[in-house]
Amino acid sequence: MTIQLMDIIDYTTSDGPGFRTSVYCAGCNHKCKGCQNPHTWNFNGGKPTDIKEIYNRIIANEMSDVTFSGGDPMYQPIAFTELAKMIKTNTDKTIWCYTGFTVEEILRNPVQTQLLGWIDVLVDGRYDETLRDPDLLFMGSSNQRLIDAQASLRERRAVIYDYEPYNLRQPACVIHDNSKILKERNKEFLAW
């Protein structure tokens, strides 16, 4: 199974909290005015890439969580669902997904809903240039939302993700089991 892939960016900090491996796919019909990635709109852009190859790249970055972006991953929900299953079954990485669809639209689409079941946070909604707000964390315009994907799936409605980046008692990123040094440093920090 393949994803029409534009790029993979390692150790980015702009697509969610902490270090992330961001998977940018091709294809988007939203065509939001002012989009930061208009080169990803073409569904034939990039190259078809086997999800196993993408998965191997993701797990090579032991300290990074994962972000799906594009384009719009919800236009390739079957392949992204399979990739997300591999990640969640074999790692403790969090997955964020950016989409121009709202969670309400996704919940009405059974195929897209399957992907929702494997991600942690959905950044939903089309970018609206007239609502641009550079002070928002991980969103471009004020109509977009950080959605708790699992709670929204259970409740069949939008549940806002409670993200508190300035709470010093809450780690800014997941400390992975395979990173003993960072775990110890995190314990020292939280004890402070």
So between residue 33 and residue 157, what do we pick up on full extension, going 0.36 nm a residue minus the alpha carbon distance? 41.9 nm
Counting only residues 5 or more places away or on other chains, whose amide H sits under 5 Å from the amide H of residue 25 once H atoms are built in the peptide plane? 6, 69, 70
Bridge orientation stat for the stretch 2-166 from DSSP, antiparallel percent rounded to 5, came to 60
Mark the label point 7 Å from the Cα of residue 136 along Cα→Cβ and return the residues of the stretch 1-40 whose backbone N is within less than 14 Å of it. 16, 32-36
Output the relative contact order of the chain, whole-number percent, from Cα pairs under 8 angstrom with separation of 6+ residues. 18
Could you tell me which of rounded, prolate or oblate describes the stretch 63-120, using a ≥ b ≥ c as the square roots of the eigenvalues of the alpha-carbon gyration tensor, with rounded for a/c under 1.5 and, failing that, prolate when a/b is larger than b/c and oblate otherwise? prolate
Can you list the HN-Hα couplings for the stretch 160-165, worked out from phi with the Karplus curve (6.51, -1.76, 1.60; θ = phi - 60°), rounded to whole Hz and with x for Gly and Pro? 5, 6, 8, 9, 10, x
Please report the spacing between the Cα centers of the stretch 1-37 and the stretch 111-164 in Å, no decimals. 15
Hey, what number do you get for the chain at 222 nm if only DSSP H runs of n ≥ 4 count, each worth -39500 (n - 2.57), divided across all residues, to the nearest 500? -8000 deg cm²/dmol
With the chain treated as a Gaussian network of Cα nodes joined by springs under 10 Å, which of 146, 131, 107 yields the largest mean-square fluctuation? 131
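Each reported figure results from applying straightforward, stated rules to the coordinates on display, with no laboratory input. Treat the numbers as computed from the prediction; the structure is a model and nothing was measured. Positions of Cβ are generated from backbone atoms using ideal geometry, with glycine treated the same way; all protein chains shown enter the neighbour counts.
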